[in-house]
Amino acid sequence: MTVPAPDATAAPDATAAGLRLLDVTLVHGDGDTAVTALDHVTLWVAPGEFAAVVGPSGSGKSSLLAVAGGLQRPSSGTVAVAGAELTALPDKRRTEARRRHIGFVFQQSNLLSSLTVREQLLLPLHIDGRLDAAARARADELIEAVGLSHRAGSRPHQLSGGERQRAGLARALTTSPAVLLVDEPTSALDRARSAEAVRLIAEQTREHGTATVMVTHDLAIMDHADRVYEMVDGRLS
């Protein structure tokens, strides 16, 4: 469903949980070759809220995710995740905040070729020092939830494109991130699997109080979203 966006003139509380972008601009290049990828974007997504962003190719949707996830610093404006202002953190601490608080689901699954599906999910927990019995159980639950229990011991080259996409989704959810950023999650899935994947994201968002932003061309996804935004020429409305 579509609901009104938050009042962009109100001052956001940077210490609040969730995801908050305030007056964010991202410019590539300079002079006559400068390209504005994001143009004064303000976006607030509360814990447990599922926001969808639609728009044509080249409109700035992927740039929005890169800046929101701390992968790229904006030219101006601020980004806060789980109460931490990413734009104010040095690179090392920004990387730590990204690992602890942000989950990514990319168009390409980016799975590690040498690891099984189960190992893909356990690795981020191991790196973060959170690999205990409860974490292992959650990983197994997510593998089952995305329909890959029979593939838990398989490596990426043994999976179909859709299976790799679902494994990437499960991996992003394993750490119960405060913010989940999803880039075209259904591009490699058939209609039934697409519906299952989006339903899982929506359920996890509400169950774990995750602030979720999904960019997509799939209009069917909008039924699961609390808010739907449109991005055109770097502007969000």
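Read-outs throughout are calculated quantities, based only on the coordinates presented, and are distinct from any laboratory measurement. For clarity, every value in this text was computed on a predicted model and none was experimentally measured. We place every Cβ from the backbone using ideal geometry, glycine too, and count neighbours over all the protein chains shown.
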Charge dipole magnitude, Cβ of K and R +1, D and E -1 - the chain, Cα centre, debye nearest 20:
780 debye
Fewest first, what order do E144, E163 take by the number of other Cβ atoms within 10 Å?
E144, E163
I need K92, K61 ordered by Cβ neighbour count within 10 Å, fewest first.
K92, K61
Just to verify a number: FRET efficiency for L123 and A192, C-beta to C-beta distance, R0 = 22 Å, to 0.05?
0.15
Could you give the nm distance between label points at H40 and E144, where each point is 7 Å from its Cα heading toward the beta carbon?
5.1 nm
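Using only DSSP helix segments of four residues or longer, with each worth -39500 (n - 2.57), what per-residue ellipticity at 222 nm results for the chain after dividing by its residue count and rounding to 500?
My calculation for the chain gives -10000 deg cm²/dmol from helical runs alone.
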How big is the gap, in Å, between the Cα center of the stretch 167-237 and the Cα center of the stretch 86-108?
18 Å
Just want the ordering: F104, F50, from fewest to most Cβ atoms lying within 10 Å of their own Cβ.
F104, F50
